[in-house]
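Report on the following structure.
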Ligand SMILES: NC(=O)c1ccc[n+]([C@@H]2O[C@H](COP(=O)([O-])OP(=O)(O)OC[C@H]3O[C@@H](n4cnc5c(N)ncnc54)[C@H](O)[C@@H]3O)[C@@H](O)[C@H]2O)c1
């Protein structure tokens, strides 16, 4: 049986990833800042939960020491603090950088040794369509997600010889607990008009691609960025 570690799996996309990978047969390890929600996910999928902040390298090392193996790592935890470049605060900018960039680096340092021991592994990093489209007022978020894509390529280059693959997914407009306020009332229909496929996405739209990237069907896919966004990043829509 293979083991998958999923960060930020207490809710949203991470939770859907946990549900899908458990259905695929993975033993699932759920990490989240919020232990209660991580435990809820773990209980639902027959996995285990740890309270863990991905910016805390020591805490990640401690989790890694407590699990026997890791074959898949989904670096899903991410945050946003939308603001303009001119007014973003040092605190917000640092927080977004620490979680979205350094969180991925520390998780990779913690869990890749187990992949090397197993002789195989798949890392899936959560980027964002915002890394491609960019919009004013998103603060450091798009820059960090572009950084996630750069990190992904570096990981693919550094880890390929160990039979460890690294890819990223760029979700588009996905309704999660973290984004649900953007889709209240008429706003969901309004936002859907900007999506070529005419609908906003659900966490399972992302989880199904996570499943592909963690599974054997993608065994020769590495260093790639897959946008799962109903076509948004294909180009501009006339409105
Ligand atoms: N929902 C979208 O439309 C969308 C679009 C593009 C990219 N994304 C990316 O997908 C990922 C998940 O987004 P979501 O919408 O499910 O978010 P969400 O806010 O609904 O859930 C995020 C989860 O991560 C956890 N988390 C946050 N900081 C953490 C930390 N430091 N350590 C451990 N856990 C932490 C939270 O407790 C929460 O359970 C993020 O990386 C986000 O940037 C989402």
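Since every read-out is calculated from the coordinates, none of them should be taken as a lab result. From a predicted model like this one, the values you see are computed outputs, not experimental measurements. All Cβ positions, glycine included, derive from the backbone under ideal geometry; neighbour counts span all protein chains shown.
Data table
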read-out	value
Nearest-ten-degree value, helix 203-214 long axis tilted from longest Cα axis of the chain	40
The stretch 81-197, relative contact order [Cα under 8 Å, separation at least 6], %	30
Principal-axis tilt of helix 103-118 within the chain, Cα atoms, nearest 10 degrees	40
The stretch 213-239 and the stretch 60-107: distance between their alpha carbon centers, rounded to Å	22
Distance from the stretch 25-59 to the stretch 110-135 (C-alpha centre basis), Å	17
Distance between modelled label sites at residue 190 and residue 87, nm, 7 Å Cα→Cβ extension	1.9
Size of the chain as Cα extents on the principal axes (Å, biggest first)	51, 39, 36
Calculated [θ] (222 nm, deg cm²/dmol) that DSSP helices of n ≥ 4 give over the chain, each run adding -39,500 (n - 2.57)	-12500 deg cm²/dmol
Mean Cβ count within 10 Å, highest first, over the residues of peptides 213-224, 101-112	101-112, 213-224
With Cα atoms, 0 to 90° folded angle of helix 57-66 axis to the chain main axis	50
